[in-house]
1. At 0.36 nm per residue, and after removing the present C-alpha to C-alpha distance, how many nm does the segment from H34 to T6 gain when stretched out fully?
2. Hey, can you grab everything whose amide H is under 5 Å from the amide H of V54? Only 5+ residues off in sequence or another chain; H modelled, so Pro and N-termini drop out.
3. Note the direction-averaged projected area, equal to a quarter of the hull surface, for the Cα convex hull of region 2-63, in nm².
4. Show the residues, 5+ positions off or on another chain, whose built amide H is closer than 5 Å to the amide H of G33.
5. Give me the number: length gained by fully extending L80 to K64, i.e. 0.36 nm times residue separation minus the C-alpha to C-alpha distance, one decimal in nm.
6. Whole-Hz Karplus ³J(HN,Hα) for region 10-21, in order, using 6.51 cos²θ - 1.76 cosθ + 1.60 and θ = phi - 60°, x for Gly and Pro?
7. Rounded to the nearest 20 debye, what is the charge dipole size of region 2-63 about its Cα centre when +1 sits on each Lys and Arg Cβ and -1 on each Asp and Glu Cβ?
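Values quoted throughout were computed directly from the atomic coordinates according to the rules given, and no laboratory measurement underlies them. As the structure is a computational prediction, the values presented were derived from the model and not from experiment. Here the Cβ positions follow ideal geometry from the backbone for every residue, glycine too, while neighbour counts run over all protein chains shown.
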Amino acid sequence: MVNDVTRALAWEPAVHAANVGMAVKDGVVTLTGHLDWAYRRNAAVRAVQPLAGVVEVRSRIALKARLIPADIGTPVREALERQARGISSVVNELEVAGSLDLRQSGGRAPA
């Protein structure tokens, strides 16, 4: 069963299998190690659960954040910029960039 678990983890693209260890006893698979995101840890569990002979999967995989506090501002800012798409705030003004198709509004700009 150890070989099956190893293969399942290696085939799961969300899991860095090199960072996951395991112990198998009486059909109970205990996963250990460190991964950077909860979805990766959950993917490891889901990859092993359907294997023949597996009765239970216990996750002892710790989450290890890749970001240090000084780096958090950059991805948050980038995410907000992606969401804004064409809207930017300048001091007390709101600047909106984009275009308006007057054909859909009967040739008139909305009030």
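1. Stretched out fully, the H34 to T6 stretch lengthens by 8.5 nm.
2. Hits under the 5 Å cutoff: none.
3. Orientation-averaged projected area of the Cα hull: 3.4 nm².
4. Close amide H contacts, sequence-distant or interchain: G21, A62.
5. Residue separation times 0.36 nm, minus the Cα-Cα distance, leaves 3.3 nm.
6. Computed from phi, the couplings for region 10-21 are 5, 7, 7, x, 7, 10, 8, 4, 5, 9, 10, x Hz.
7. 100 debye
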